[in-house]
Amino acid sequence: MVNAARLAYRPVGLLSGLAAGAVAGVIFKQVWKRVARQDDAPDALQAEYSLARVVVAATVQGAIFAAVKALVDRLGAQGFQRLTGEWPGD
């Protein structure tokens with residue numbers, strides 16, 4: 001039964017992962033605008049930004065993505081368990 005739950009959860013996990021990435025991107029853009037007072041975060045290939053600024057932006061973006069992904073994954077797993085009675089990760 002556990003393998004069936006994992007298999008059934010895969011499409012849910014895939015779609016929620018895509019949604020989490022999109023939501024994290026929007027959150028990061030808003031955070032960066034407020035903190036750095038810039039519309040766009042620096043890209044690693046933009047010479048006008050220092051290495052430190054690029055690394056800080058990437059670190060903040062990664063932290064936001066990881067937190068949103070964990071939240072969405074956890075809420076998706078809880079919803080799946082409520083519907084099926086099985087935890088998808090066990």
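If you go through the range 42-90, how many residues are part of a loop (DSSP other than H, G, I, E, B) and either charged (D, E, K, R) or touching a Lys or Arg at 6+ places or on another chain (Cβ under 7 Å) (or both)? Adding up the residues that qualify gives 6. In this structure, Arg53 qualifies as among the charged types (D, E, K, R) and either in contact (Cβ under 8 Å) with a residue 60 or more places away in the chain or in contact with a Pro (Cβ under 6 Å, 6 or more places away or on another chain) (or both).
Rundown of residues vs (1) modelled with pLDDT under 95; (2) among the hydroxyl-bearing types (Ser, Thr, Tyr), yes/no style:
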position: Gln38; (1), (2): yes, no
position: Asp43; (1), (2): yes, no
position: Gln46; (1), (2): yes, no
position: Gly62; (1), (2): no, no
position: Ala66; (1), (2): no, no
position: Phe80; (1), (2): yes, no
position: Thr84; (1), (2): yes, yes
position: Trp87; (1), (2): yes, no
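Scanning the range 60-90 for residues that are surrounded by fewer than 16 Cβ atoms within 10 Å (Cβ to Cβ) and among the aliphatic types (A, V, I, L, M) gives Ala63, Ala66, Ala67, Ala70, Leu71, Leu75, Leu83. The condition of being assigned to a helix (DSSP H, G or I) and of a type in the set (S, T, N, Q) holds for Gln30. For Ala57, are the conditions met, namely being surrounded by fewer than 15 Cβ atoms within 10 Å (Cβ to Cβ), out of contact with any strand residue (DSSP E or B) (no Cβ under 6 Å at 6 or more places or on another chain) and either under 23 Å from Gly89 (Cα atoms) or not acidic (Asp, Glu) (or both)? No: the conditions fail for Ala57.
The values are calculated or read from the model by the stated rules, or taken from the named source; none is laboratory data. The structure displayed is predicted, hence computed values, not measured ones. Every residue, glycine as well, gets a Cβ built from its backbone with ideal geometry; the counts of neighbours run over all protein chains shown.
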